[in-house]
Structure formats: structure tokens, C-alpha cells
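Asker: I have a structure I would like to understand better, so I am pasting it below and will then ask my questions one at a time.
The values are calculated or read from the model by the stated rules, or taken from the named source; none is laboratory data. What you are looking at is a predicted structure, and each value in this text was computed from that prediction instead of being measured. Virtual Cβ from ideal backbone geometry, glycine too; neighbours counted across all protein chains shown. These area figures cover heavy atoms from the full protein model, side chains too; ligands, DNA and RNA do not enter into them. Shrake-Rupley method; radii C 1.70, N 1.55, O 1.52, S 1.80 Å.
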Protein chains: 2
Amino acid sequence: MEKKTLGNKSLLYPMPVTIVGADVEGKPNFLAIAFIGIVNANPGMVALGSNRKHHTNKGILANRTFSINIPSRDQLEITDYVGLYSGAKIDKSHLFEVFYGKFGNAPMISSCPLNLECRVTDVLDRGGLDEIIVGEIIESYCEERYLTGGYPDVEKMKPALFSMYDNRYFSIGEYLGKAWSIGKNYKPKDPV
Amino acid sequence: MEKKTLGNKSLLYPMPVTIVGADVEGKPNFLAIAFIGIVNANPGMVALGSNRKHHTNKGILANRTFSINIPSRDQLEITDYVGLYSGAKIDKSHLFEVFYGKFGNAPMISSCPLNLECRVTDVLDRGGLDEIIVGEIIESYCEERYLTGGYPDVEKMKPALFSMYDNRYFSIGEYLGKAWSIGKNYKPKDPV
């Protein structure tokens, strides 16, 4: 069937729903970010895009630290709220109970199931709407009740997903199979 | 409740399931990538991490182009397959019907609901296991049957999610609400 062209758009499905935090002028500030992905292992690293007008960017660039907080689906309203209203106009420092880790200036949200404390390694400006911020995850924080076998369990954390352009949030659905495993069942038609 | 520390790990939930493609030594090659996220809008840009040993990296670095293909949940076995076996050992060029776009050397998978054609803007080496590849999406391709109101619809494409460390694939679940909208219902406890 014929493919239509949709242009140079930010089309990746699904995106994770996160709340990124930074101290801005001495106060914790937070915003919703779905333009984010892991880009390295050992150490874990992330890359994210944040509109260059965002108040939080000031703190990230000044401190060279930030946090990534994974909210549960029960926290979607407040997640959307911190995405709707700028820290330049409203004070978001009292919205959440906050804790600090190794750096002391990357505010993390206690009520979010998973928190990643990051240091900035690179800031890229390639035009467009966003500053591209690359960071190293220096520590991660999670309550025991969200872990299975020592690792975060999406069925316990219940994170949400974001679908771009139609602006819809979704839950995680059913288990489909084991990675690095179910491919062993695949039989290529051409001998390899 | 007390938070446990989990170290500098690649913890982000959920991750998208993609197949990244490149021509390597003149032949299409593909691998499964979940270390990926959007990092810019207008133009859309992506950042991904791919283990520096991967065969596909050679083609991406040589051609400065690559593709991102979003498989549907029905294509999970073959997606996992291209993640399990290296193009250095098996020929993956006949696994998929392939098409090319503007560049002519970024192979895209016809059967995947969504294809992004990309050019490399930056390659970062920050140690660790992966090369960090940043790219601009120069065109995107999608069949009409996966669109709603002109945009890709996750309920039609049925992409899969990846959960890291426990190595599980999941489907997209139920609709939870409208982004840049449901936050208007949130009433902060402290006046702002």
C-alpha cells in the first residue's frame, strides 16, 4: 500500500511521560517532558529536548544538573499541569515533596515511583524549538514496592505513555513477550 | 517510604521498540533499538544509543544516514530476531521488503507502520557501551490506514514498548486523557 509523507516531524511512538526537575534561582522547578530517551549504557545516559523558552532550562544550564521523575498514571493531572504552566509565571516549588541526592541541586519528586539524578554532559543547539540536553545518570532512586527482582517493574510503577500530535496519554497494556528471546522463534524465509 | 539506590543504570520506562536501518557495505542491515527518543521539534530530531560493536553503526557512520522503523506488535518476533543476531554474522538484507526515500541509502521497512528517514548531525562518544547518534528526521512515511486526522494513531499502528533489565515487551494500553488539557483540572493545594 502506498505510503504518505508526513514531513520532518517528531514522530516516535510511544514516548515516555516524565517530569524533569531543576533548581532555578534556588527553587525547585518542574516540567513535563516526553522528548527523551536513553542513549547509553554503563553509564546510563539520557538525551532530551526542552523548548529553549522553558524556565527549567535556565536551572539545568546554570547548575549542569537535573532530575528525571517517572510519574505513575495516578499523577497524570499534576504532570500535565506542570507542562501547561511555566515556572516563570507560577511557583511550582511547593507542588511536590522534594528530596535531593548526591548533587544537592537536582530536585527529585518523592511521590514519583522512579527518580534519575543526572549531570549535563552536552548541550546541543541545532536550531528548531528545543535545546538538546545530554546527561549522565549518576544515581537512580526507587522504593522497594516498585521493584521485582531488584529492577523497576512497569506493572507496579504504572508509568504513562504519550502519543505526539494527537496529544493522548495511554497506560501500559498487556505483556507481549520476552526480549532477546522471542526472536529465536522466528524462522527467516531465506536461509541465512 | 524509603527509596533504594539502583546506580547509574539506563532506567527509563517505557522505551519505544524500533528497528534502525542502514546500508552497510551496500546492503540493508537492521537492528532493534529501544535506546532512542525525540530531542527536537521543527525539525524533528532523534537521539539514539547503539552499542559500538553493532554492525549497523558502520553504515550509519559511513553514510551519515539511517532509518527508524516502528514495527507493530505483530512484528515483535522479527524485531527481536534482528536484535539477537548481528549483521556481521547473518545477512539481514532479505528479511524485509525495503524502500528508499530522499537519500537513497537509508533503507526503510515497507511493512512497518511508520518510517523515519534521518541524517546524522552529531556522533558523541562519552565512554560506556554505546555510540550516541543524533539525527534530523528529514522525512516520515506512513500508510493512510494508520492515520487519524492526518497523524499516526497508536491504536491503529499498535507499536510495542520495551521494559529494560527485565526485558519485557508490552502493548499500548487504555486511553488515559488528553495532554495539555487534563492538567487544567488540577488544583494546587498552595495558592499560586
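Asker: Rank A:176, A:116, A:95 by mean-square fluctuation in a GNM of chain A with C-alpha springs under 10 angstrom and give only the top-ranked residue.
Answerer: A:176
Asker: Between residue A:53 and residue A:145, what FRET efficiency comes out of the Förster formula 1/(1 + (r/R0)^6) with R0 = 41 Å and r the beta carbon distance, rounded to 0.05?
Answerer: Efficiency for this residue pair is about 0.60.
Asker: Per residue of region B:22-37, what does 6.51 cos²θ - 1.76 cosθ + 1.60 with θ = phi - 60° give for ³J(HN,Hα)? Whole Hz please, x for Gly and Pro, Karplus curve as stated.
Answerer: Along region B:22-37, the couplings run 7, 7, 10, 6, x, 10, x, 9, 9, 8, 7, 9, 10, 7, 7, x Hz.
Asker: How large a share of the accessible area of the protein assembly as shown, in percent, is made up of carbon and sulfur atoms when the probe is 1.4 Å and the other protein chains stay in place?
Answerer: Result for the protein assembly as shown: 49 percent of the exposed heavy-atom area is carbon or sulfur.
Asker: Summarise the partner chain shielding of A:42-54 as one whole number: the mean count of Cβ atoms from other chains within 10 Å of each residue's Cβ.
Answerer: Averaged over the peptide's residues, the number is 6.
Asker: Kindly give the distances from residue B:58 to its copy-mates, label point to label point, with each label point 7 Å from Cα along Cα→Cβ, as nm values to one decimal ordered shortest first.
Answerer: Relative to the other copies, residue B:58 has label-point distances of 5.0 nm.
Asker: Just which residue of chain B brings its Cβ nearest the axis of rotation onto chain A, and by how many angstrom, rounded whole?
Answerer: Nearest residue, distance rounded to whole Å: B:37, 1.
Asker: In peptide A:101-110, what is the residue-averaged number of other protein chain Cβ atoms found within 10 Å of each Cβ? Don't skip to the answer; put the middle values down first.
Answerer: Working: counts 2, 1, 0, 0, 0, 0, 0, 1, 0, 2.
Other-chain Cβ atoms within 10 Å of each residue's Cβ, averaged: 1.
Asker: What translational D, rounded to a whole number of µm²/s, comes out for chain A from Stokes-Einstein when the hydrodynamic radius is the Kirkwood one over Cα pairs, at 37 °C and 0.692 mPa s?
Answerer: The Stokes-Einstein estimate is 182 µm²/s.
Asker: Let me ask something else. In debye, nearest 20: dipole of the protein assembly as shown around its Cα centre with unit charges on the Cβ of K, R (+) and D, E (-)?
Answerer: 60 debye
Asker: Run the dipole for chain A about the Cα centre, Lys and Arg Cβ at +1, Asp and Glu Cβ at -1, nothing else charged, and hand back the magnitude in debye, nearest 20.
Answerer: 560 debye
Asker: Here's something else I'd like to know. Lysines within cross-link reach of residue B:4: Cα-Cα under 30 Å, excluding same-chain residues under 8 positions apart?
Answerer: A:27, A:58, A:92, A:102, A:156, A:158, A:178, B:189
Asker: Top mean-square fluctuation among B:22, B:47, B:179, Gaussian network model of chain B, C-alpha springs under 10 Å?
Answerer: Result for chain B, Cα springs under 10 Å: B:179 fluctuates most.
Asker: Could you give the nm distance between label points at residue B:181 and residue A:174, where each point is 7 Å from its Cα heading toward the beta carbon?
Answerer: Modelled inter-label distance: 2.7 nm.
Asker: Quick one: label points 7 angstrom along Cα→Cβ at residue B:167, distances to the other copies in nm, smallest first?
Answerer: From this label point to the equivalent ones elsewhere in the assembly: 4.1 nm.
Asker: For residue A:45, what residues show an amide H to amide H distance below 5 Å, using hydrogens built from the backbone and excluding near sequence neighbours?
Answerer: A:39, A:40, A:137
Asker: Considering the dipole of region A:43-192 built from charges on the beta carbon (Lys and Arg +1, Asp and Glu -1) around the Cα centre, which of A:129, A:154, A:88 is farthest to its positive end?
Answerer: Final value for the positive-end residue is A:129.
Asker: Follow-up. With θ taken as phi - 60° and the coefficients 6.51, -1.76 and 1.60, list the Karplus ³J(HN,Hα) couplings across region B:63-68 in order, rounded to whole Hz; mark glycine and proline as x.
Answerer: For region B:63-68, the Karplus-derived couplings read 8, 6, 9, 6, 10, 10 Hz, x marking Gly and Pro.
Asker: In region A:55-98, whose amide N lies under 13 Å from the spot 7 Å out along Cα-to-Cβ of residue B:189? List them in ranges.
Answerer: Counting only backbone N, you get A:94-98.
Asker: Hey, another quick one. Given springs between every Cα pair under 10 Å in a Gaussian network model of chain A, which of A:90, A:78, A:60 has the largest fluctuation?
Answerer: Comparing A:90, A:78, A:60 in a Gaussian network model of chain A, the most mobile one is A:90.
Asker: Quick one: how many Å² of residue A:180 are accessible to a 1.4 Å probe, rounded to 10?
Answerer: 130 Å²
Asker: Could you work out the helix-only [θ] at 222 nm for chain B, with each DSSP H run of four or more residues adding -39,500 (n - 2.57) and the total divided by the number of residues, to the nearest 500 deg cm²/dmol?
Answerer: Result for chain B: -3000 deg cm²/dmol, rounded to the nearest 500.
Asker: So for A:94, B:54, A:55, what's the accessible-area order with a 1.4 Å probe, most first?
Answerer: Highest to lowest solvent-accessible surface, that is A:94, B:54, A:55.
Asker: Which distances, in nm and shortest first, link the residue A:125 label point to the same label point in every other copy, taking 7 Å along Cα→Cβ?
Answerer: For residue A:125, the inter-copy label distances come out at 2.8 nm.
Asker: State whether region B:64-113 is rounded, prolate or oblate according to the following rule on the C-alpha gyration tensor (a ≥ b ≥ c being the square roots of its eigenvalues): a/c under 1.5 gives rounded; otherwise a/b larger than b/c gives prolate, and the remaining case gives oblate.
Answerer: Details: a/c = 2.01, a/b = 1.22, b/c = 1.65.
The shape class here is oblate.
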